[in-house]
Amino acid sequence: MSFSDIPILKAEDRKFKADPTKAPKSDLREELFQLEKEGELEVQRVPDNYMELTTKYGRTKKIPLEKTWHHKSCGQCGHIPGYSASIFWLNRQFGLDYHDPTDQTSCTAWNYYASATSNPEAQAAVAIRNFAAADEVGYFPIIHCGTSFGHYKEVRHALVHQPELRRKVRKIMEKLGKKLIVPEEIVHYSEWVLAMKDKIAERQTVDMSMITATVHPACHYHKLVEEDAIYDSEIYGAQRTAIITGTLQKLGINVGDYSTWYDCCGFGFRHILVSRDFSRSFSVQRKIEVMIEEVNPDVTVTHDTGCVTTLDQSQFAGKAHGKKVGLPVMSDSQIAALAMGAHPYKVLQLHWHNTDNKAFLQKLGFDTDKLWAEFQAEIKEIKDGKKQYMSWEDADR
Amino acid sequence: MMALDLSQNKHSDVSMDEKDRLFDEVKSDERWEHVLYGCYECGICVAACPSARFYDFSPRLIAQAVAREDTDLIYTLMSDSIWDCSQCFSCDRCPRQNSPGQIITIMREVAVKNGLGTAKEALAGYGRIIYKIMLTGTQVSPDMLQPDAFPDWGTHVYEIADNLDDWRRALPPETLHTTETSWVIDDKTIIELYLIWHMTGVMDLIAGVDEGLYDIIVDVMEERLEEAGYDDVTFD
Ligand code: SF4
Ligand code: SF4
């Protein structure tokens, strides 16, 4: 008997309806507002234009649709920049007011989880410095990276429950001339994409009904402070997070299930940098090969920096070892932008990804040679000094 | 896979008092009371653990050792095993509400803070990341995509490295045209980050694991802090 003979997902006939009054964990937001009343900290409110989504234990979470302060991801912007470009492109398409700050630092959690050369005070101070910067310009933080998101949720939790940590961070912020301010909700960009899915589908120009995808939910999205992740009784019967899957299904994509969905991607923080043998083996053997054997998808979609990087880059070595690989890896923001007609190279910037994605694009009807030539024409103009940069207008030409 | 040597008193050069002291430091962490409630030895954490599949590594063993306060075994684990963890927190599905991953986070911090030799070994080759995050404000950057750093990512990395400057210019968001940082970061923001590192004692941690790196970082930071008008960065 192979894995594929086992009916993995019985969720369709076992819908889970969470009752928030029976939640096993308290609602941190109530404690936050109480601390605000006591003058311990300030809470930044979600701006008016928001949508409510349901979380694991049936509570609701406000997802701001605009006035968002984009807390970028160093790994995304640095190594797979079409990921973030697609998030911004979507905001621009809907004419939403957003802010792309230059007074933002990395969350520094990658380093923290990898090397432990930091401590809770430093980690909390870095988070609050970023949150205060968002508040200063009147925008609400939206977090691009799954690890930053999970880490900030942990920081918020620690600040609520550890008075000594609050005292130290308050003093540091005083020295920096900043407030100790905490957002009412910690929001991941993929929650924004999910909240926007109907609007995205209304403007979909590329039929995706012939596509089968697998989904990898990022560990730090749904395993850290798990009560804050989005669940929906219509998606996996609310037995797993609805993130990504809800978006893809709305775009007409068939989402296939596979037995190792709960496994991590193999990133490992320090492993991806200095012990990549582990990352490669795990990623290929526990994720990519299983997806191909059990689902044979056209693409796998995820929503975190490390996951896209590890699942994508590890396949090169897998190929050399004769493993079943060759599965394109993208983020939900890239798929959503593609569905609305974004340019695969000028906006999605797919040339930064390693695993060949041409067959996937061609299945969707894209003329990849022509599109690549269009991108190359932009590069030529830059090389010839005709322009310094490619603009948003150029990207949509 | 290298088998983990768990023989008793493996680190006989370290006194039991020192091993007890290190464990006391682990237990004095503010997070401690939320990460360990005893252990059923059910192994659910091991079943969920990616590192347990490819290393002789077990979150159950770690949870058990700390629950039993077996400071000799804890020292052995702190000297080796903890660096195999992927920090994915899949083990948070523990039915006892333990978080072996977070126990490991705390053990790593204590290992680094006390300059354990194995912490230095585990972090060898990691200096460029620490350098980036301490000094530039983004942990990784486009110019790190070099073939010698990622030979197993194939020819693709050569293509990126060869075209880096032009490809960065061909990114529509105005903040992403950088190569040394992942986005444009204001000078004032970097100075604020330096102040955070100083005020929270992170600089001392770096000195403990890599003195050479510490000297380089301090040189750059002090100059920039002085330029920005900060001559006293001490903090209570
Ligand atoms: S899952 Fe929890 S109770 Fe079970 S072995 Fe692991 S730490 Fe112990
Ligand atoms: S956090 Fe560490 S111990 Fe826990 S499952 Fe992940 S790799 Fe294993």
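If I stretch the segment between A:Gln34 and A:Lys358 completely, what's the gain in nm (0.36 nm per residue apart, minus their alpha carbon distance), one decimal?
So the extension gain works out to 111.3 nm.
Let me confirm one metric for peptide A:343-354, namely the mean number of other chain beta-carbon atoms within 10 Å of its residues' beta-carbons.
Details: counts 1, 0, 1, 3, 2, 0, 5, 0, 6, 7, 1, 8.
For peptide A:343-354, the averaged partner shielding equals 3.
Arrange the peptides A:301-312, B:194-205 so that the one whose residues have, on average, the most other Cβ atoms within 10 Å appears first.
By packing density, highest mean first, the sequence is A:301-312, B:194-205.
Pop a pseudo-label 7 angstrom from the Cα along the beta-carbon direction at both A:Arg167 and B:Ser28 and give the gap in nm to one decimal.
About 1.6 nm separates the two model spin labels.
Build a GNM of chain A with springs between Cα atoms under 10 Å: which of A:Ala359, A:Ala337, A:Ala213 gets the top mean-square fluctuation?
A:Ala359
Taking the highest mean first, how do the peptides B:71-84, A:69-82, B:29-42 order by number of other beta carbon atoms within 10 angstrom per residue?
A:69-82, B:71-84, B:29-42
No partner Cβ under 4.7 angstrom, meaning no disulfide-compatible partner by this rule: which Cys of chain A qualify?
A:Cys74, A:Cys77, A:Cys107, A:Cys145
How much length is gained if the chain between A:Arg45 and A:Arg14 is pulled fully straight, taking 0.36 nm per residue apart and subtracting their Cα-Cα distance, in nm to one decimal?
Residue separation times 0.36 nm, minus the Cα-Cα distance, leaves 7.6 nm.
Just counting partner chain Cβ atoms within 10 Å, what average do the residues of peptide B:121-133 show around their Cβ?
Shielding by partners across B:121-133 averages 4.
Check each of the GluC sites (Glu not before Pro) in the stretch A:219-323 and keep only those in coil by DSSP with at most 13 other C-beta atoms within 10 angstrom; list them in order.
A:Glu234
Fully extended, how many nm does the chain gain between B:Gln146 and B:Asn114 (0.36 nm per residue separation, minus their Cα-Cα distance)?
Length gained between B:Gln146 and B:Asn114: 8.2 nm.
Tabulate in residue order the Karplus-calculated ³J(HN,Hα) for the stretch B:145-155, using 6.51 cos²θ - 1.76 cosθ + 1.60 with θ = phi - 60°, rounded to whole Hz; enter x for Gly and Pro.
Calculated HN-Hα couplings, in order: 6, 10, x, 6, 7, 10, x, 7, 8, x, 5 Hz.
Note down the nm distance, to one decimal, between modelled labels 7 Å out along Cα→Cβ at B:Leu164 and at A:Lys370.
3.5
Roughly how tilted is helix B:16-27, in degrees to the nearest 10 and between 0 and 90, from the longest Cα axis of chain B?
60
What are the residues whose amide H is under 5 Å from the amide H of A:Val43, where those residues sit 5 or more places off or on another chain and H is modelled from the backbone?
A:Val182
With a 4.7 Å Cβ cut-off, tell me which Cys residues in chain B come up empty for a partner.
Here B:Cys39, B:Cys42, B:Cys49, B:Cys85, B:Cys94 come out as lacking a disulfide-compatible partner, given the Cβ-Cβ threshold of under 4.7 Å.
To the nearest whole number, what is the average tally of beta carbon atoms from other chains within 10 Å of the beta carbons of peptide B:47-56?
On the way: counts 1, 5, 2, 16, 6, 0, 7, 11, 2, 0.
Per-residue shielding by partner chains comes out at 5.
Please find, in a Gaussian network model of chain A (springs between Cα atoms separated by less than 10 Å), the residue of A:Gln285, A:Gln362, A:Gln249 whose mean-square fluctuation is greatest.
Fluctuation is largest for A:Gln362.
Report the label-to-label distance for A:Ala201 and B:Asp5 in nanometres (one decimal), using points 7 Å from each Cα along the Cα→Cβ vector.
6.1
GNM on chain A, C-alpha springs below 10 Å: top fluctuator among A:Met291, A:Met340, A:Met330?
Among A:Met291, A:Met340, A:Met330, the largest mean-square fluctuation in the Gaussian network model of chain A belongs to A:Met340.
Got a sec? Charge dipole of the stretch A:205-374, +1 on Cβ for Lys and Arg, -1 for Asp and Glu; which of A:Val308, A:Gly341, A:Pro217 is way out at the positive end?
A:Val308
Report, to the nearest whole %, how much of the accessible area of the protein assembly as shown belongs to carbon and sulfur atoms, 1.4 Å probe, protein only.
Of all accessible area on the protein assembly as shown, carbon and sulfur atoms account for 47 percent.
Select from A:Ala23, A:Phe375, B:Ser79 the residue farthest towards the positive end of the dipole of the protein assembly as shown; place +1 on Cβ of Lys and Arg, -1 on Cβ of Asp and Glu, and compute about the Cα centre.
The one lying farthest along the dipole's positive direction is A:Ala23.
Largest first, how would A:Lys37, A:Lys324 line up by accessible area (1.4 Å probe)? Intermediate values should be presented prior to the final figure.
Details: A:Lys37 170, A:Lys324 100 Å².
So, going from the largest accessible area down, we get A:Lys37, A:Lys324.
May I ask for the angle, rounded to the nearest 10°, between helix A:146-161 and the longest principal axis of chain A, with both axes built from Cα atoms and the value confined to 0 to 90°?
10
Given Cβ point charges of +1 (Lys, Arg) and -1 (Asp, Glu) and nothing else, what value in debye, to the nearest 20, does the dipole of the stretch B:125-229 about its Cα centre take?
340
The values are calculated or read from the model by the stated rules, or taken from the named source; none is laboratory data. Since the model is a prediction, treat every value here as computed from it, not as a measurement. Heads up, the Cβs are rebuilt from the backbone with ideal geometry, glycines too, and the neighbour counts pull from every protein chain shown. Note: areas computed on protein heavy atoms with side chains; ligands, DNA, RNA excluded. Shrake-Rupley method; radii C 1.70, N 1.55, O 1.52, S 1.80 Å.
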